[in-house]
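Notes to accompany the following structure.
Read-outs: derived from the displayed coordinates by stated rules, not from any lab. Everything numeric here is computed off the predicted structure, so don't read it as measured data. All Cβ positions, even for glycine, are placed from backbone atoms using ideal geometry, and neighbour counts span all protein chains on display.
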Amino acid sequence: MKKLFVMAAFVLSSIVCVTYAASLERGAIAQDASSVTPLLNGQLAPKTTLKMADGSPVSLQALTMQKPTIVLFYRGGWCPYCNEQLAQLKDIENDLVDLGYQILAISPETPKRLQEQKLETEFLVTLLSDEKLDTIREFGVGFYLDSATEEKYKKYGINLTVDNNGKSVLPAPSIFMLNKKGQVLFSYVNPDFKVRPSADLVLAVAKTLKEEM
């Protein structure tokens with residue numbers, strides 16, 4: 001019990017809070033990263049369709065019913081902070097798989113770009129494309145990029161995914177841990193894209209939650 005209390009305190013102290021706007025409709029895109037309204041613990045993951053790196057469609061519900069799942073939302077292969085996070089995750093992926101988890105990494109990039117990433121690095125992580133932004137919206141982590149930042153990224157040659165209004169959308173970097181019912185048991189969402197949970201934290205939480213999965 002003491003161990004669990006210490007772990008809970010550690011996890012809570014590590015999560016950066018975002019503003020939960022009760023008035024923001026589920027499935028809406030937030031105006032900025034600080035206004036996202038992520039799924040809360042106890043809520044169910046959406047029944048959306050994603051695409052594999054080869055372009056084939058896959059049901060998120062079908063995937064998460066197979067085994068406990070760690071869902072990672074990242075901005076794209078062009079983001080150095082995302083690549084660093086994936087590299088750290090690679091160091092513990094065997095441990096997570098041994099614990100019975102699968103790891104899904106979701107970005108708004110196209111399947112073609114995911115295929116390039118897959119060829120660049122060998123991962124046990126499953127890379128998934130959400131170019132239609134349905135999953136990002138329903139998890140409540142999507143936000144509109146401000147015009148100044150959008151222009152800066154364009155100068156770098158970064159092609160961002162846009163919604164039906166033609167506005168660029170990114171996910172706030174986040175991690176959700178789901179049981180086989182698709183229920184959220186843990187989440188870490190940070191509006192500051194430069195701050196990510198450590199691999200040690202992810203592994204520690206995964207070990208603590210194993211019995212509840």
Query raised in the report: Taking K and R as +1 and D and E as -1, what net charge do the other residues with C-beta under 13 Å from the C-beta of Lys194 add up to?
Result: 0
**Report entry** Karplus-derived HN-Hα couplings along region 70-81 (A = 6.51, B = -1.76, C = 1.60, θ = phi - 60°), whole Hz, x at Gly and Pro
**Finding:** 9, 9, 10, 9, 9, 6, x, x, 7, 8, x, 5
Query raised in the report: What's the FRET efficiency of Lys67 with Ser34 using the Cβ-Cβ distance as r and R₀ = 30 Å, to the nearest 0.05?
Result: 0.35
Query - Alpha-carbon centroid distance for the pair region 153-213 / region 78-147, whole angstrom - result: 8 Å
Query - Anchor Lys132: lysines whose Cα lies under 17 Å away (excluding residues fewer than 8 positions away in-chain) - result: Lys47, Lys51, Lys112, Lys167
Query raised in the report: Quick one: which of 171-182, 148-159, 195-206, 133-144 comes out on top by average Cβ neighbours within 10 Å, and what's the full order, highest first?
Result: 133-144, 171-182, 195-206, 148-159
**Report entry** Sequence-distant lysines (8 or more away, or on other chains) whose Cα lies within less than 17 Å of Lys207
**Finding:** Lys2, Lys3, Lys67, Lys90, Lys180
